[in-house]
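As structure tokens, the structure follows; a few thoughts come after it.
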Amino acid sequence: MSRLFIGLGVFGLTVGLLSLRETEGGAGATPAPRRVERAIKGAPIPNDARHIVLIQKKKTKKAMPKQDAPDDAAPKPAATSDAKDDGTLKFSRDIAPILVDNCFRCHTGAEPKGGLDMSTFEKLMKGADKEKVIEPGNPDDSHMVKHLRGTEKPKMPPRQNQRRFTENAIEKIEEWIKGGAVLDAGLDPKKPIKSYALTEEDLQAAEFKKMTSEQRDDHVKTVGLERWKKASKDTPEVTVGKNVLLFSTLPKARADATVKVMDTMFSKVKSVVGNSGPSTILKTSLFVFKDRNGFVEFVRAMENREIETEDQFASSFSSAEPYVGVADPLLGQDEPVASKKTRTKKADDGPMTERTLTGLLAEAMTYGMVSKTGKAPKWLSTGLGAYFASTVERGSPYIGKLRRIAYDFADQGWRTKAMEAMGDQAKAEEVRAVGYAICDWIATSSPGLLPRFTQGMMAGGEKLDDVIADVFNGGKRDEFLDYSGLHAASFGGRRR
């Protein structure tokens, strides 16, 4: 057996053997005992787990920084220089985004129009085939300004390409040229301008960074209340936490408890997704509607779409003001005393529910953060969401159903079933169940590996083999599947 997974195999086998004992007549045994060997068809399992040695990783990895709360600093481009804003125009912040948005379509590439290549600062300052286009200190004699003003033909940019070249944009370019047309100190003029041009998101984050925490909260409240009005006529209470703002009509005690849990959950999820996830300057808005009608209207207003019957949440971390929206499983009521133990028992006048509010919000928040890049495979975004939901509602019927699906897949042939789900060739619930089993296995066996695995996979599902080899010390896909399958097989002896 190869040097695999830093002892994860030991854990998986131990759990599998314990599960086997339970199913073979121990207390709480389940009927029709199944051997672990059956659970992973074709997977070689050592006869004696005592011969497996816990191998410490020799490969040193840099410790990842702990990220507990909305990031306090605005995202910076790779080589920005002046951290202090002295009020003067900066090329990376004020000029480069204008050029990238309006000029790069024609003035980059193998054959830039007019011979004017703007791909790097050096080439921009060199100018076109016949002339320089920028005269530092003299905007009136700069051909770029003349073409933008239309005093030289053709007027630039062409009308069909124009997006943000407003009068204000032209004035910025004139002011920058008048100031000497300099590049920010520390930036390499030979590097692509795109590598350090601030995006709209960066610029917006920089503005938020200038605000006090109270001003940022006020901004989130204002935006949140406008969003709420589009979906519900009820007047929400706003409960402010360290990382989240809750908009709801929940009883105060329940709202306070929800915010407390979600503040902690935000920190946990952010520590796993790390810098691969969204850079959240503002707190996340949690919208909890007392019924599904409010939730449906919220999705229509925010995302301009109709939700499917099985949709339980909406979330987006692609804007500066991230949000999560759900319908309260308890219809806005106090949590029945019985449900705190069973999670599903119906109180005298309360609803029957398979979910807890915090579990639903945790799943939605995780899904939104992981999906932000648009590259993460579905089994990861949904599976990790279910895993974090399970940390606050592990005994719920919802999590129990995912565990049963994973257990049955292990019995039917985990390698095949898991790969079908990971290739989106299965039902959405099955994809989620496989992702949950994999994330739960890593988190349970060696939680320190979950952030590296998650961040690696957020770069794209095609990275699976590379991520396995990197995170699990040269491990192979088949071994990865076998051990995660052992974990899924153990769900049969630990059903809730």
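No lab work stands behind these numbers, since they all come straight from the coordinates. Keep in mind that this is a model prediction, so the values were computed, not measured. Glycine also receives a Cβ, built like all others from the backbone with ideal geometry; neighbour counts cover every protein chain displayed.
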Inset, instruction - Just subtract the alpha-carbon distance of GLU175 and ASN138 from 0.36 nm times their residue separation and send over the number in nm, one decimal. - result: 12.4 nm
Inset, instruction - About the Cα centre of region 383-480, how large is the charge dipole given +1 on each Lys and Arg Cβ and -1 on each Asp and Glu Cβ? Please answer in debye to the nearest 20. - result: 260 debye
Legend entry - Estimated dipole of region 100-164 in Debye, rounded to 20 [Cβ of Lys and Arg +1, of Asp and Glu -1, Cα centre]: 360 debye
Legend entry - Normalised per residue, the volume of the convex hull around the Cα set of region 180-333 (Å³): 160 Å³
Inset, instruction - With r as the distance between the Cβ atoms of SER319 and LYS153 and R0 = 35 Å, compute the FRET efficiency 1/(1 + (r/R0)^6) and round to 0.05. - result: 0.30
Legend entry - When each of LYS126/LYS178; LYS233/LYS290; LYS230/LYS375; LYS90/LYS146; LYS90/LYS283; LYS146/LYS190 is checked by Cα-Cα distance, pairs over 19 Å: LYS230/LYS375; LYS90/LYS146; LYS90/LYS283; LYS146/LYS190
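Please pull out the direction-averaged projected area of region 163-249, using the convex hull of its alpha-carbon atoms, in nm² to one decimal place.
So the Cα hull casts an average projection of 9.4 nm².
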Inset, instruction - Above 15 angstrom, tally the Cα pairs of region 380-456 and express them as a % of all pairs, no decimals. - result: 52 percent
Legend entry - Computed FRET value (nearest 0.05) for ALA110 with GLU306, which takes r as the C-beta separation and R₀ as 45 Å: 0.50
Inset, instruction - Run a plain Debye calculation on region 108-256 (Cα atoms as equal point scatterers, no solvent) and give log10 I(q)/I(0) at q = 0.11 Å⁻¹, rounded to two decimals, same order as the q list. - result: -0.65
Legend entry - region 378-405-region 423-496 distance, computed between alpha-carbon centres (Å): 13 Å
Legend entry - Charge tally in the Cβ shell below 12 Å around ARG149, where Lys, Arg are +1 and Asp, Glu are -1, ARG149 excluded: -2
Legend entry - Two-site FRET efficiency, THR249 against VAL182, from Cβ-Cβ distance with R₀ of 60 Å, rounded to 0.05: 0.65
